[in-house]
Amino acid sequence: MIGPEMTTKIVARRANKIFPSVAGPVTAIRDFDLEVAEGEFVCIVGPSGCGKSTFLRILAELETLTSGEVRILPGADPSKPLNNVVFQEYAIFPWKTVIDNVAFGLQMRGASKKERYATADEWLGRVGLRKFAHYYPSQLSGGMKQRVSIARALANDPEVLLMDEPLGALDAQTRAVLQEELLRIWEASRKTVVYITHSIEEAVLLGDRVVIMTAHPGTNKAAFEVDLPRPRTIKTSSTAAFAELSGAIWEALQDEVRRAMASQL
Amino acid sequence: MKRSVRVEASGQSGSVQELWLLVLALIVIDVAATILGLWKGFWWAILFVDFVLIVMLAERLEGRIALRHQESYKRVLALGFPLLLLVSWELIVGAEILSPRWFPPPSRIATALWDLTVTFDRFNETSLLGRPWLIPSRLSSEGLPGVWALFQESHLWATLSRVLMGFFLGALPGVLLGMVMGLNRTVRMMLDATMSAVYVLPKIAIFPILMLIFPNPFGEGPKVTVVAISAFFLVAISTMAGVRGIDPVYLQAGRNYGANRLQMFRHVILPGALPIIFSGLRLALGTALIVIVAVEFVRAQTGVGFLVFYHWQILVTEKMYAGLFVVMLLGVLLTYALQLIERRVMPWSE
Ligand SMILES: Nc1ncnc2c1ncn2[C@@H]1O[C@H](COP(=O)(O)OP(=O)(O)OP(=O)(O)O)[C@@H](O)[C@H]1O
Ligand SMILES: [Mg+2]
């Protein structure tokens, strides 16, 4: 999958995560393998509770690994942060204005006010929120909040962008608009992305590769290359190739979803 | 109910006839009650009916008021009600339906308040406000010590300084301890049960012990301390709750974006806990006022609480009410000041 000319950015080998709990240890992910090349957009799809968020949080070093290896390889510039997360629940700070939220990562790294505001302003322009720079999050809609969250991650310019169902809580129209925005932004920057989603269509539309996880405990089930041409738009999702690939992925995923649902009963 | 639904649905208010009908009903009921001599026995029932009619009237009036006047309309309602209350009180006591001895009419209370303000009690060497109009002449004759002496004779200043000093002396360490308890699991596990137990103890109950501890049991020490202790526990417990209540996803976001410990505290934990800290401060301020008035009832020669209790003892009820009014005013002003600070410190919570 990864050609010799591409550098590897993320490696996960036989990653295991076991949560201790009162009812006994819970294996969240078992022997999960993943390799992501620099500049690749990888989507992870899997039934609810299979350990996708756990894996992402391990990547972000917000959770420790029980055994195995998970690593993000540093780039040429050591001052660049390794990863930033776009959280499923937005997680933008209600007590900071939009621009201060977007500038947060830079501020933590000691950038001057002028410098960080210039960068934040640029990103606000790119996600169409320049007018709302001095608003507080409580004055924004859900879609706008998620855009702030995405801009906060991108303004920090990390080696790897980790996104956990960023559009999961949005309505269908807002989601479609944001998917196009993400495509546009990503195709301009070609950042390495690990993107978790519940939606097969979203994964095929955005990703270079779709990785499918098994039901709890999560491990590798299958992976699909998405060789739809770029730049893509929402129209891409009405092509025959798109439908065929989505169907094939659903074929592989549905057993796992059934298994996950059966175990929840 | 049905009517108000219709009013809202059509975006229209009651018709003009309806308004006039209500005004008419109001007048007819009150005049009839007067003619039939019903006020004496049924003043409370008549006032209740009046109140209901006025509410109905105001509801129908609201829709007819232009949007830009809505704010003033709200203010008229908020100020109009207590005004009506005072007028009814005045009239009912004036007609000797209620005894002026126990319910002195507002006009006499106002006179008493004025009396208290302008007179200097030569025996106790006190006055209500400390005669602020003397400040310029004292300043020129005796300088700042003279002005300070004026402050010293003021009952209002005595209460205010006890409340403020006790509040700050209690709230600041309260916030600090609450932070530590919120952030450190071990400290929390050790202190939580004890704090919760002391928290429910009425702090006024430890006042006698405080009097024993301090070299001058009748001085300011025990009074300020009892206020401080009351504020301390309230603020510590709510600060801890505020820190514990921060959504963990914000802490994770802080970490993920590279915040160090100090930045974490400054940019995530402190602002995240502020709303609950402030609700604790509001409670503590109210409690501080209650505690200080209670203490002044029993053990003080100065303070607004003393003034109320003293005039109860000598049965000058209008001055007692005047004292209560000052306590109320103090509470309102202090709460308002805290609100202003809150809005400054937390501009995001509109
Ligand atoms: N802190 C924890 N302690 C114990 N068990 C946990 C913890 N976090 C997650 N788990 C368990 O690990 C498993 C995977 O959880 P995870 O949140 O990673 O799933 P997910 O794939 O992200 O699900 P969803 O798609 O619903 O978000 C679940 O069975 C969950 O109960
Ligand atoms: Mg998840």
Practice task
Run through the DSSP bridge list for the protein assembly as shown and note the antiparallel percent, rounded to the nearest 5.
Solution key: 50 percent
Handout entry: Cβ charges +1 (Lys, Arg) and -1 (Asp, Glu), total dipole of segment B:201-335, debye
Key = 400 debye
Handout entry: Residue (of B:Pro105, A:Pro25, A:Pro217) at the positive-pole extreme of the protein assembly as shown, dipole from beta-carbon charges
Key = B:Pro105
Practice task
Could you do me a favour and compute the accessible area per residue for segment A:115-162, 1.4 Å probe, result in Å²?
Solution key: 39 Å²
Handout entry: Residue-normalised accessible area of segment B:144-279, given per residue in Å² at a 1.4 Å probe
Key = 49 Å²
Exercise for the section: Please name whichever of A:Gln264, B:Ile314, A:Leu140 sits farthest to the positive end of the charge dipole of the protein assembly as shown, dipole taken about the Cα centre and charges placed at Cβ: Lys and Arg +1, Asp and Glu -1. Expected result: B:Ile314
Practice task
Under a cut-off of 20 Å between alpha-carbon atoms, report the aspartates and glutamates in cross-link reach of A:Lys17, not counting same-chain residues fewer than 8 places apart.
Solution key: A:Asp31, A:Asp33, A:Glu35, A:Glu61, A:Glu63, A:Glu69, A:Asp164, A:Glu256
Problem - Net charge contributed by nearby residues that have their C-beta within less than 11 Å of B:Tyr73 (K/R +1, D/E -1) - result: +2
Exercise for the section: Working with all protein chains in place, sort B:Trp89, A:Trp186 by solvent-accessible area computed with a 1.4 Å probe, largest first. Expected result: B:Trp89, A:Trp186
Fill in the blank from the handout: Per the Kirkwood formula over distinct C-alpha pairs, the hydrodynamic radius of chain B in angstrom is 24.8 Å
Exercise for the section: Whole Å is fine, so just give me how far the alpha carbon centre of segment B:185-214 lies from that of segment B:50-80. Expected result: 48 Å
Exercise for the section: For chain A, with a Gaussian network of springs between Cα atoms less than 10 Å apart, report the residue from A:Ala120, A:Ala76, A:Ala37 with the top mean-square fluctuation. Expected result: A:Ala76
Exercise for the section: Could you tell me what percent of the DSSP beta bridges with both partners in chain A are antiparallel, to the nearest 5? Expected result: 50 percent
Handout entry: Considering only segment A:120-265, percent of DSSP beta bridges that pair antiparallel, nearest 5
Key = 50 percent
Practice task
Determine the total buried accessible area between chain A and chain B, counting protein heavy atoms only with a 1.4 Å probe; round to the nearest 100 Å².
Solution key: 1900 Å²
Exercise for the section: Note down the accessible area of B:Phe48, probe 1.4 Å, to the nearest 10 Å². Expected result: 130 Å²
Exercise for the section: Order the following by accessible area, largest value first: A:Lys221, A:Lys113, A:Lys96. Probe radius 1.4 Å; ligands, DNA and RNA are ignored. Expected result: A:Lys113, A:Lys221, A:Lys96
Handout entry: Residues in segment B:302-350 that, when all protein chains are in place, have 20 Å² or more less accessible area than the chain alone would give (probe 1.4 Å)
Key = B:Pro347, B:Trp348
Fill in the blank from the handout: Checking rank on B:17-25, B:255-263, B:289-297, with mean other Cβ inside 10 Å and highest first, the result is B:289-297, B:255-263, B:17-25
Practice task
Using only the alpha carbons, work out the radius of gyration and Dmax of segment B:2-94 in angstrom.
Solution key: 15.2, 45
Practice task
Take the Cβ-Cβ distance between B:Arg122 and B:Leu86 as r, set R0 to 22 Å, and report the resulting FRET efficiency rounded to the nearest 0.05.
Solution key: 0.10
Problem - Charged-residue dipole, Cβ positions (Lys, Arg, Asp, Glu), the protein assembly as shown about Cα centre, Debye nearest 20 - result: 800 debye
Fill in the blank from the handout: Ordered by number, the residues of segment B:261-286 with at least 10 Å² less accessible area in the assembly than alone (1.4 Å probe) are B:Gln263, B:His267, B:Val268, B:Pro271, B:Gly272
Exercise for the section: Summarise the partner chain shielding of B:243-250 as one whole number: the mean count of Cβ atoms from other chains within 10 Å of each residue's Cβ. Expected result: 2
Problem - Kirkwood-Stokes translational diffusion coefficient of the protein assembly as shown, alpha-carbon pairs, 37 °C, 0.692 mPa s, µm²/s - result: 107 µm²/s
Practice task
Mind listing, in residue-number order, the residues in segment A:86-117 that have at least 30 Å² less accessible area with every protein chain present than in their own chain alone (1.4 Å probe)?
Solution key: A:Phe87, A:Ala91, A:Phe93, A:Pro94, A:Trp95, A:Phe104, A:Met108
Fill in the blank from the handout: Residue-normalised value, i.e. accessible area per residue, for segment A:2-90 at 1.4 Å probe, in Å², stands at 47 Å²
Completion exercise
Restricting to Cα pairs under 8 Å and 6 or more apart, the percent relative contact order of chain A works out to 26 percent
Exercise for the section: Provide the convex hull volume over Cα atoms per residue for segment B:146-349, in Å³. Expected result: 151 Å³
Fill in the blank from the handout: A 1.4 Å probe over the protein heavy atoms gives segment B:150-261 a carbon and sulfur accessible-area percentage of 72 percent
Fill in the blank from the handout: Binned at 10 Å from zero, the C-alpha pair distances of chain A give percents of 7, 29, 35, 23, 6, 0
Problem - Rounded to the nearest 10 Å², the accessible area of B:Val200 at probe 1.4 Å - result: 110 Å²
Practice task
Run the accessible area of chain A with a 1.4 Å probe and give the carbon-and-sulfur part as a rounded percent.
Solution key: 54 percent
Exercise for the section: Give me the accessible area of B:Leu144, 1.4 Å probe, in Å² rounded to the nearest 10. Expected result: 130 Å²
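The values are calculated or read from the model by the stated rules, or taken from the named source; none is laboratory data. If you're wondering where the values come from, they're calculated on a predicted model, not measured in any experiment. No Cβ is skipped: glycine too gets one built from the backbone with ideal geometry, and neighbour counts run over all protein chains shown. Accessible surface areas use protein heavy atoms only, side chains included; no ligands, DNA or RNA. Shrake-Rupley method; radii C 1.70, N 1.55, O 1.52, S 1.80 Å.
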